[in-house]
């Protein structure tokens, strides 16, 4: 692998490549204030950096490769007053325009003119729906994770971008993908206090972005400057709710149930001058969660409820009765970035993120036997080397190499000898909580992704900016899973053992697929039009084998090699085009169109690697390394319009046609049993309108509003839908018509309001309102209507944040309070199929008495069917 990586790196150094943007550019024109004539050879400098440019004969200038942030520009020329423009905001992939008018002076007196720039509310070169979220906005809002910010944007519903499935979004940190290709979700949670700017693209995106069909989230992290700075923050809190009938132990308030410590430090390296700088951050977060169980039983307890006479039941409860968190989370994150200016123009960055996470997901059956449920561990890191070389005043080259590692483990105990007899899982029955036993599977997997790519950008003329290049990604996926079973050599007692390697419940694989991509893109900026035109090529080598004839499999295991063939390589050309047409100085129309290509999550390519079929009624699934890429064709048209000096609106309509989505096909095995195999069979379409309104923060008040009207339809929401339908008795026929997808929220409205003075105090509120997701009506577990033909109740949520700044020992000390779900609303996120509500079900009438210690009403009280109750935290922070 190292030899291959070296060869690829050498190849990359001989080609240009296009990668996701991490910088913007500043352009403008300098004229004589009195005559309006262009001025030649005026020096434009970005203060505090080595970046700058000089004007040409027409007075134009361009500064490339500017990291996102807020800057001060200085224009100076002999015989003219120097002009400084402050508050110039630069964003990723966008052009910021700053024009200067210089005033002549007879004698150089060192006079200076100061101008305060305002961020334009209408982005002239925006050719698709893109939102930039800066650190100043993040600091004003009650949010804990970057995903909270993403979900506030129009077109995003609970991580689904414009009606797409989870896993169709590319997550990038400083232009490097951090998606785990096993599931295609992000492998690392970037902490909010390290974000300089976040770019959220929900519309069609440029050719530089690949392996995504619905959207892109590009996070640019902070780096150290030429002065030392740092921060520290801590908070404590708990859930405070009146819903004690739903959430066990919610009334026991402990201020340390939720706590957080985080800090940053940045600046120049001591004794090395300003050429070396660093930024270091860390965070430790702990939340016991809002769902508790009670340790009435232990996994080793044995009970007997077989008699029809409850007085003869034997209840072997040896638990201590303690309340136990059942959806806790702990997360530790370290992040660092080291920068070295080799020359004033050439720069080397080394960045690393390390994260450990422990969490549990609530399983209702284990409410009174909480120690028997799975524990989940995640360990991940990414290391990136980034070198920027300025070739000329109009071009630069960036080379990047990175490694991403993600390890996930799931088990109850690592030592298999600690497991109880699986018969204990059968002691209680008929809607009764488990009175013993534990989960019996062990699951281990890890993914390594190596990336090598180069970016070459050339502003070949004032109107044309060219990007072009290639990229390589090498993956290594390892998986090991097995079920703990009884050792059949011991008849009188349970002795834990592993099943044979040829059985369905003992699997392991190692695969090394790789990808190649190339891009060509031209950004054309005319006075009357801005166009982004690009073409992308993607190639994928799956490294797997596939069955030649899945319908005729022998019973022998392992299967002979003659029944397989090598999976074929996949490739696609994807054209992208976006146009922005300014209709006035305050209004821009944009139109965009693109083809998008994405390999399905790799877990579906390699499921059940030995192709083992479990005896019985459709219990087995097998993967398919020959899956075709999923494809989306997307269109959108929108208008940006500034309504006043402080208010602007963005209205966009969009349509997506989605094909080759992942589904399943049922096959007959030995004319008796069945098994399911993943294929490309599902499809759908999405259409909608988004409206985004922004009130610039000024005079102590700022606000945003995002509304989405959307219809997301398809033949299936889940890749396993056909498998699950055929497990029903009788089997359910799959959809032959489009139905609402599980995440189809017809109307959603998000708003933020901020009041105050950022250097003194701020009070902010986030509000989220939406219609309920669809569900399928059912009675006694039998569908009684078309899939997703009814809707859950609407959802509402309001979060509050207040902070006040005090001066203490020369430091800015901040006291803050955050309240999530201020009004303690019981949002019903899951419902019973027979009532469409989370609070009651007809099952309490017809299901009979549970054979266990609980009542039927208690069993059907589901805390996991509701959103989080009210959470209150208090904290302090300071910076220097």
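The values are calculated or read from the model by the stated rules, or taken from the named source; none is laboratory data. If you're wondering where the values come from, they're calculated on a predicted model, not measured in any experiment. Please note: Cβ atoms are built from the backbone with ideal geometry, for glycine as well, and neighbour counts cover all protein chains shown.
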task = Check the range 422-442 and report whether any residue there is farther than 28 Å from residue 364 by Cα and over 36 Å from the mean Cα position of the chain (by Cα).
result = no
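Which is more than 16 Å from residue 301 (Cα to Cα), at pLDDT 95 or above and not in a strand (DSSP E or B), of 403, 361?
Values: 403 fails: not in a strand (DSSP E or B).
On inspection, the qualifying residue turns out to be 361.
Kindly indicate the residue of the range 32-44 that is part of a strand (DSSP E or B) and surrounded by fewer than 18 Cβ atoms within 10 Å (Cβ to Cβ) and also farthest from the chain's Cα centre (by Cα) among those meeting that condition.
Of the range 32-44, the ones part of a strand (DSSP E or B) are 32, 38, 43-44.
Remaining after also requiring surrounded by fewer than 18 Cβ atoms within 10 Å (Cβ to Cβ): 32, 38, 43.
On the way: 32: 49, 38: 47, 43: 42 Å.
Checked the range 32-44; the qualifying residue farthest from the chain's Cα centre (by Cα) is 32.
Report yes if some residue within the range 17-26 is under 21 Å from residue 79 (Cα atoms), at pLDDT below 90, part of a loop (DSSP other than H, G, I, E, B) and in contact with a strand residue (DSSP E or B) (Cβ under 6 Å, 6 or more places away or on another chain); otherwise report no.
Filtering the range 17-26 for residues under 21 Å from residue 79 (Cα atoms) gives none.
Checking the range 17-26: not a single residue is under 21 Å from residue 79 (Cα atoms), at pLDDT below 90, part of a loop (DSSP other than H, G, I, E, B) and in contact with a strand residue (DSSP E or B) (Cβ under 6 Å, 6 or more places away or on another chain).
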Scanning the range 642-663 for residues that are crowded, with 18+ Cβ neighbours inside 10 Å and over 26 Å from the mean Cα position of the chain (by Cα), the one nearest to residue 628 (Cα to Cα) turns out to be 648
How many residues of the range 693-734 are loosely packed, with under 14 Cβ neighbours inside 10 Å and not in a loop (DSSP other than H, G, I, E, B)? The answer is 2
So residue 203, is it surrounded by fewer than 24 Cβ atoms within 10 Å (Cβ to Cβ) and either in a loop (DSSP other than H, G, I, E, B) or on the phi > 0 side of the Ramachandran plot (or both): no
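Surrounded by fewer than 18 Cβ atoms within 10 Å (Cβ to Cβ), touching a residue at least 12 places away in the same chain (Cβ under 8 Å) and in contact with a strand residue (DSSP E or B) (Cβ under 9 Å, 6 or more places away or on another chain), is that true of residue 668?
Numbers: surrounded by fewer than 18 Cβ atoms within 10 Å (Cβ to Cβ): yes; touching a residue at least 12 places away in the same chain (Cβ under 8 Å): yes; in contact with a strand residue (DSSP E or B) (Cβ under 9 Å, 6 or more places away or on another chain): yes.
The answer is yes for residue 668.
Results for (1) modelled with pLDDT under 95; (2) surrounded by fewer than 22 Cβ atoms within 10 Å (Cβ to Cβ); (3) assigned to a loop (DSSP other than H, G, I, E, B), shown as yes or no for each residue.
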| residue | (1), (2), (3) |
| --- | --- |
| 571 | yes, yes, no |
| 577 | no, yes, no |
| 591 | no, yes, no |
| 603 | no, yes, no |
| 609 | yes, yes, yes |
| 612 | yes, yes, yes |
| 617 | yes, yes, yes |
| 621 | yes, yes, no |
| 634 | no, no, no |
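Could you tell me whether residue 869 is modelled with pLDDT of 95 or more, under 27 Å from the mean Cα position of the chain (by Cα) and closer than 23 Å to residue 296 by Cα?
Values: modelled with pLDDT of 95 or more: yes; under 27 Å from the mean Cα position of the chain (by Cα): yes; closer than 23 Å to residue 296 by Cα: no.
No: the conditions fail for residue 869.
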How many residues of the range 62-74 are out of contact with any helix residue (DSSP H, G or I) (no Cβ under 9 Å at 6 or more places or on another chain) and either part of a loop (DSSP other than H, G, I, E, B) or closer than 14 Å to residue 116 by Cα (or both)? The answer is 6
Can we say residue 293 is touching a strand residue (DSSP E or B) at 6+ places or on another chain (Cβ under 8 Å), in a strand (DSSP E or B), at pLDDT 95 or above and under 30 Å from residue 493 (Cβ atoms)? yes
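With the requirement that a residue be buried (at least 16 other Cβ atoms within 10 Å of the Cβ) and part of a loop (DSSP other than H, G, I, E, B), what does the range 499-511 give you? Write out each step before concluding.
Start the filter on the range 499-511 by keeping residues that are buried (at least 16 other Cβ atoms within 10 Å of the Cβ), which leaves 503-507, 509, 511.
Hits for the range 499-511 are 503, 504, 505.
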